[in-house]
Amino acid sequence: MNIIANETVLYKSSSPSDIFCYSPSLTVLPSGRILASFDIGGKGVLNLPGPKTEHGDFGASNQGKIFSSDDNGETWQHLTNIAMYHARLFSDGNTIYFIGHDKGITISRSDDEGKTWSEVRELESTAHWHQSPCAYYKENGYIYLTMEKNTGASWPGVAPVMLRGKLGTDLTDKANWTFSNTFYYPSELQTTLGIPFYKTGLLVPDNKKDTRFCGDPCFLESHVIKIHDKNHILYEDNTIHIWMRQHSGLSNIAAIGKCKINADGSLDCGIVKSPAGNPMLHVPFPGGQMKFDVCYDEISGYYWLVCSQTTDSMTRAELLPQDRYGVPDNERHRLVLYFSKNMFDWCFAGVIAIGKTAKQSRHYASMVIKDNDILILSRSGDENALSAHNGNMITLHRVADFRNLIY
């Protein structure tokens, strides 16, 4: 086994039994400063000082945290706490934004490299929203990102909406954003590929101690992806694509959609069709059963993917080790890297990290390219973690000279 990244601990929970680490995000500023964010959740957060969300995981509150590094990620300084969760960082020149939710979509900005932040403002409040730090795309003076509207179905029960923000304006003002239609999961297409793989509900209903549960098939944690190659079969003018985690019980399958940018400025999200005219909802994709992250490297012309690697998704649920979390495809302690020319054909680049046990997760990572390196921020856990889902650490991983991995 060849580990291609080093690892350092950026943050560790003070109470692993009831304070958990979630939602890592990274961005690099024009000055070279690196900002890292994540949130902490769990009932123990209620006892902590500082701003917290009204809504949150486990019916409690969450607290967003932002850190900075001015020495290329060697050391980190805590800058602030923000009442926001599942949020991501992005920059517009020297202005930085932090966008997430607290039931409604919320946003804050900084004009001094993250030292101080504006009051959290609400962009949309008519629905209960969800997301994770996922890929966004900038083009022609706009940023495109997705947020996900709660549909009321069993977990995950969300549907993406494309948001377009006009760069150079105050993006804490809703007037500077355009919202697309809601892209609901087309359940009539889910029977292909054996989806759903499990019936909704408890996987081992006769065992009261085994609480493994599978929700309705759905897509979530959606990324905005631009197909740059005009020779690509899916390339279309004025169109960007959406790659999503496919919750189905099967591993290595993602869901895709597209968003048409109309001449009048409106946005229409919908189904991708194959050259034969067939709807194409599901695509082969390494780690598509879990939250992944994708970034495009303009220098190499490759997409880079960090994702979770599964090894035993066909093991019957009742036979899995007790420290394996969730449904069988939900393996969370192996983090790996791939590259691709076209988002379909992926080449394995190497292992980023493997936890010592299934409970010691390395998952839900976000990444950013800085010069010749890829920096990866991961939800992680050690032997004190409550579970693979509810980890107690945020770890930073560096893949040095990553373009040398291309073959």
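No value in this document is a laboratory result; all are computed from the given coordinates. All values derive from a computational prediction rather than experimental measurement. Cβ: placed from backbone, ideal geometry, glycine included. Neighbour counts: every protein chain shown.
What FRET efficiency comes out for residue 313 versus residue 273 if R0 is 41 angstrom and r is the Cβ-Cβ distance? Round to the nearest 0.05. That gives a FRET efficiency of 0.90. The string of couplings for segment 14-25 from the Karplus curve (6.51, -1.76, 1.60, θ = phi - 60°) is 7, 8, x, 7, 8, 10, 10, 9, 9, 6, x, 8 Hz, one whole number per residue in order, with x for Gly and Pro. Fully extending the segment from residue 55 to residue 175 would add 40.7 nm, taking 0.36 nm per residue of separation and subtracting the current Cα-Cα distance.
Amide hydrogen proximity for residue 361: with H placed 1.01 Å from N in the peptide plane, the residues at 5 or more positions away or on another chain lying under 5 Å are 381. The distance from the alpha carbon centre of segment 349-407 to that of segment 107-153 is 24 Å, rounded to a whole number. With 0.36 nm allotted per residue and the present C-alpha distance subtracted, the residue 210-residue 31 stretch has 59.4 nm of extension available. Electrostatic tally near residue 333: other residues with Cβ closer than 15 Å to its Cβ, Lys and Arg +1, Asp and Glu -1, net +1.
Sequentially through segment 200-205, phi angles give Karplus couplings (6.51, -1.76, 1.60; θ = phi - 60°) of 4, x, 5, 6, 10, x Hz, Gly and Pro residues having no value and appearing as x. Residues considered: 233, 107, 352. Largest GNM mean-square fluctuation over the chain, using C-alpha springs under 10 Å, is found at 233. Of the listed pairs 166/258; 138/230; 12/115; 12/166; 258/359, which have alpha-carbon separations greater than 27 Å here? Beyond 27 Å between Cα atoms: 12/166; 258/359. Short-range pairs are left out: with C-alpha atoms under 8 Å and at least six residues apart, the relative contact order of the chain is 14 percent.
Taking R0 as 45 Å, what's the FRET efficiency between residue 237 and residue 47 from their Cβ-Cβ distance, rounded to 0.05? Taking R0 as 45 Å, the efficiency between residue 237 and residue 47 is 0.25.
Straight-line cross-link reach from residue 260 at under 19 Å between alpha-carbon atoms covers these aspartates and glutamates, not counting any fewer than eight positions away in the same chain: 139, 148, 229, 236, 237, 268. Applying the Karplus relation 6.51 cos²θ - 1.76 cosθ + 1.60 with θ = phi - 60° to segment 77-91 yields 3J(HN,Hα) values of 10, 6, 9, 6, 10, 9, 7, 7, 9, 6, 9, 10, 9, 8, 10 Hz, where x marks Gly and Pro. Cβ crowding within 10 Å ranks 316, 362, 88 as 316, 88, 362, fewest other Cβ atoms first. Counting Lys and Arg as +1 and Asp and Glu as -1 over every other residue whose Cβ lies under 11 Å from the Cβ of residue 43, the net charge comes to -2. Near residue 302, once Lys and Arg are set to +1 and Asp and Glu to -1 for all other residues with Cβ below 12 Å from its Cβ, the sum equals -2.
The chain has equivalent-ellipsoid semi-axes of 28, 27, 23 Å, by the square roots of 5 times the alpha carbon gyration tensor eigenvalues, sorted largest first. By the count of neighbouring beta-carbon atoms within 10 Å, fewest first, 339, 98 end up ordered 339, 98.
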